[in-house]
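The values are calculated or read from the model by the stated rules, or taken from the named source; none is laboratory data. This is a predicted model, so every value here is computed, not measured. As a convention, Cβ positions derive from the backbone with ideal geometry for all residues, glycine included, and neighbour counts pool all protein chains shown. Heavy atoms of the whole protein, side chains included, go into the accessibility calculation; ligands, DNA and RNA do not. Shrake-Rupley method; radii C 1.70, N 1.55, O 1.52, S 1.80 Å.
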Amino acid sequence: HAKEQGRDGYCFFENSMNANAQEQLHLLQDLRYALERNELRLHYQPKLIAPAGPVIGVEALLRWQHPERGLLSPDQFLPQAEKTGLIVPIGNWVLDEACAQMQRWRAAGHTSWNIAVNLSASQFAHAKLIDSVRTALQRHGLKAHNLTLEITESIAMRDANSSLAVLEQLAAMGVGISIDDFGTGYSSLLYLKRLPANELKIDRGFVNELDQGGDDAAIVSAIIALGRTLGLKIVAEGVETPEQQKHLTRLGCNLLQGYLLGRPMPAEQLIECYGKTPA
Ligand code: C2E
Ligand code: MG
Ligand code: MG
Ligand code: MG
């Protein structure tokens with residue numbers, strides 16, 4: 001096909017576009033079968049009290065063990081899953097698997113741990129969300145307070161009134177509500193005050209530049225003060241260096257998550273690393 005290609009660069013461009021689109025399409029086709037082929041995995045990242053534990057909770061993070069492409073992270077396939085609605089069955093699998101794992105950890109004595117599951121916009125907007133949550137808890141014999149649902153500030157803000165209604169139902173059941181990536185959305189203080197959340201996660205973007213002497217330390221302290229006023233637990237995400245950890249401690253934030261403390265890892269590995277921390 002050399003003759004067709006590169007005549008004026010146009011065909012080459014078009015071909016590479018097609019290749020990319022085709023790749024996306026293949027991935028999407030594969031994703032439809034990923035569930036039944038048992039290719040989805042959960043990795044778990046601890047939330048702990050600085051600097052060395054104990055673990056207070058564990059966040060479930062989705063991975064796809066693709067037969068040819070290896071282990072894929074959510075950014076590589078969740079946007080497509082979200083667009084096609086596949087996120088709903090996938091999200092139900094995540095809920096179920098995370099609850100099953102939490103029950104195994106409880107049986108092993110880790111009764112103070114809490115499992116956190118992320119929700120995307122369309123899961124959150126889906127009419128059956130409350131049912132799915134209730135079903136997963138019941139099936140694995142968990143109490144609602146053993147589970148936390150993480151939703152980003154921007155998702156919570158979208159369609160504020162109906163979001164509030166859903167969150168209120170979940171909170172009334174006793175499920176923990178965590179506002180993820182806080183500081184990247186535009187919640188009004190009034191709305192924040194009405195949210196039935198019990199945890200706020202400082203976006204890792206702010207934590208990242210904490211050592212670099214910009215505005216971020218002031219922003220992080222403002223977020224901490226705000227969270228305190230609202231009676232929320234405050235977790236810093238994406239803590240990578242001891243300097244960041246110390247800085248956060250000085251600012252009054254002692255609940256941390258990040259590569260410094262522990263990367264997302266398979267359940268067996270998590271129990272090896274943290275299973276001996278006093279519960
Ligand atoms: P998130 O909920 O804000 O999760 C934190 C992300 O930051 C995770 O990326 C985690 O691996 C990464 N991370 C943790 N510590 C550090 C650190 O110290 N440094 C850096 N650079 N990164 C760190 P991951 O696992 O790729 O997930 C990305 C996003 O995908 C999540 O952001 C969440 O919004 C979404 N997601 C993950 N699992 C699920 C799921 O089961 N369902 C839904 N709906 N969304 C999910
Ligand atoms: Mg999260
Ligand atoms: Mg986050
Ligand atoms: Mg995020």
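The stretch between residue 19 and residue 41 holds 5.1 nm of extra length on full extension. This uses 0.36 nm per residue minus the Cα-Cα distance. At most 10 other C-beta atoms within 10 Å and a DSSP loop state: those are the exposed GluC sites (Glu not before Pro) I care about. Give me the longest piece of the chain that has none. Result, exposed sites excluded: 69-279. Overall, the anisotropy analysis places the range 173-279 in the oblate class: the square-rooted eigenvalues a ≥ b ≥ c of its C-alpha gyration tensor yield a/c not less than 1.5, with a/b not exceeding b/c. Note on residue 191 and residue 215: with the Förster distance fixed at 22 Å, the Cβ-Cβ geometry gives a FRET efficiency of about 0.40. Summarising the label geometry, the points placed 7 Å from Cα in the beta-carbon direction at residue 134 and residue 158 lie 2.5 nm from one another.
Dipole check for the chain: with +1 at the C-beta of Lys and Arg, -1 at the C-beta of Asp and Glu, and the Cα centre as origin, the magnitude is about 940 Debye. When you filter the chymotrypsin sites (Phe, Trp or Tyr not before Pro) in the range 160-238 for DSSP loop state and at most 13 other Cβ atoms inside 10 Å of their Cβ, you are left with 186. Under a 5 Å amide H cut-off, with hydrogens placed 1.01 Å from N, residue 66 pairs with 71, 72 among residues at least 5 apart or on other chains. For the range 51-175, the relative contact order works out to 26 percent when only alpha carbon pairs closer than 8 Å and six or more residues apart are counted. Rounded to 0.05, the FRET efficiency of the residue 100 and residue 80 pair, given R0 = 25 Å and the Cβ-Cβ distance, is 0.45.
For the range 41-149, the antiparallel share of DSSP beta bridges with both residues in that region comes to about 65%. The portion of the accessible surface of the chain made up by carbon and sulfur, rounded to a whole percent, is 52 (1.4 Å probe; DNA, RNA and ligands excluded). Restricting to the chain, what percent of DSSP beta bridges are antiparallel, rounded to 5? Approximately 40 percent, going by the DSSP bridge assignments. Taking every alpha-carbon pair under 8 Å whose residues sit at least 6 apart, the range 99-227 reaches a relative contact order of 20 percent. A simple count of charges around residue 137, restricted to other residues whose Cβ falls under 12 Å of its Cβ and scoring Lys, Arg +1 and Asp, Glu -1, yields +1. Taking the C-alpha atoms only, the angle from helix 242-251 to the longest principal axis of the chain is near 50 degrees. Answer rounded, prolate or oblate for the range 100-240, using the Cα gyration tensor with square roots of eigenvalues a ≥ b ≥ c: rounded when a/c is under 1.5, else prolate when a/b is larger than b/c, else oblate. Oblate. Modelled spin labels at residue 112 and residue 26, positioned 7 Å past Cα toward Cβ, are 5.0 nm from each other.
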